[in-house]
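Just below is one structure, and these are the notes that go with it.
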Amino acid sequence: MSLLALQRRMAADLMRPLGERDRLDPETSAEYIKPNDRLTSRERLEIYSRSYWYRLLDSLYEDFPGLRAVVGPRAFARLIRAYLGDLPSESWTLRNLGSRLEQWLRDNSAHAGVRLAAALDMVRLEWAHIEAFDEKEEKVLGPEDLIELGPGMRIGVQPYVRLIEMSYPVDDLRVKVNAAQECHGTASNAVLKHKAGGLGRRIAGMRPEHIFLAVHRQDSMVYYRRLDADEFRLLAALRKGLPVGEAMEAALEDSPLPVDELRHRVEAWFAAWAQMGWLCR
């Protein structure tokens, strides 16, 4: 067997989903692995297989703590194992591991149970969080660049600004989950139990709410900013590449607000976007 063939075979065996009790799949043959005086061929291969799969599972635990809070820890453990079994990693980086989770969960909705809508919102939020953290940044347009703002001017929205609509206030929940995780390293068991109980009640009592959200970063930190519906639509129109005039017409033509109030709001929005560095060429 050539070195390349050996590498491909071992990689395929390592990436095969673990069997019952996280043992090596019974159909996996490990005779090409040399045993030693302490471990059989299968046991040696199993160590690497578990290391691979546990790292993937750990990555999803780290990237989707909000989803874990919504569906519960046991359901989440089953969910991510099923997801990885159906859609194994295809990227050299763990960053992309959850990129297909939203669509997979739509197609396998039983894993979220009665909380499917909130779970899907949370997945979209947490994937936007990942994208906002490391997407590229274009040259920023400052307030001085908007002095001659005209209807034919084209303005872009920074790639790291992600715009999402949600049916539940999962942004608030994600902030609470983060706070609970940060507390975990220093708090007593009694405090942690109290916080977990409060978070569970919050999830159970979560009511539908139509929310427009921008997920963005500043100084290497990711933030969530709720937007007015008209503000959200205008940003989305600018992101499509429409000139300012066309973007405003498309986003605001059905707005119930008076023209004067809309004008003041639009001016305030552009000033805020420029200050936060969201606008680019």
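The values are calculated or read from the model by the stated rules, or taken from the named source; none is laboratory data. The model shown is predicted, which means the values in this text are computed figures rather than measured ones. Cβ sites come from the backbone with ideal geometry, for glycine too, and all protein chains shown count toward neighbours.
Selection of the stretch 1-52 for residues being under 21 Å from residue 91 (Cα atoms), within 30 Å of the chain's Cα centre (by Cα) and assigned to a helix (DSSP H, G or I) yields 11, 12, 13, 14, 15, 48, 49, 50, 51, 52. Residue by residue through the stretch 119-159, note down the ones that are without any contact (Cβ under 8 Å) to a residue 12 or more places away in the chain and in a loop (DSSP other than H, G, I, E, B). Residues satisfying the conditions are 147, 148. Which one is farthest from residue 126 (Cα to Cα), of the residues in the stretch 210-238 that are among the charged types (D, E, K, R) and within 20 Å of the chain's Cα centre (by Cα)? Across the stretch 210-238, the extreme among qualifying residues is 219. I'd like to know if the stretch 176-189 contains one or more residues that are of a type in the set (D, E, K, R) and either part of a loop (DSSP other than H, G, I, E, B) or at pLDDT 95 or above (or both). Looking through the stretch 176-189, none of the residues is of a type in the set (D, E, K, R) and either part of a loop (DSSP other than H, G, I, E, B) or at pLDDT 95 or above (or both). Out of 81, 95, one residue alone is among the basic types (Lys, Arg) and crowded, with 16+ Cβ neighbours inside 10 Å. It is 81.
Within the set 124, 100, the sole residue that is buried (at least 19 other Cβ atoms within 10 Å of the Cβ) and under 13 Å from the mean Cα position of the chain (by Cα) turns out to be 124.
The residues of the stretch 241-281 that are assigned to a loop (DSSP other than H, G, I, E, B) and more than 18 Å from residue 149 (Cβ to Cβ), listed by number, are 253, 254, 255, 256, 257, 258. Just one of the listed residues (48, 54, 32) is surrounded by 12 or more Cβ atoms within 10 Å (Cβ to Cβ), at pLDDT 95 or above and over 24 Å from residue 128 (Cβ atoms), namely 54. Among the residues examined, residue 199 does not qualify as aliphatic (A, V, I, L, M) and at pLDDT 85 or above.
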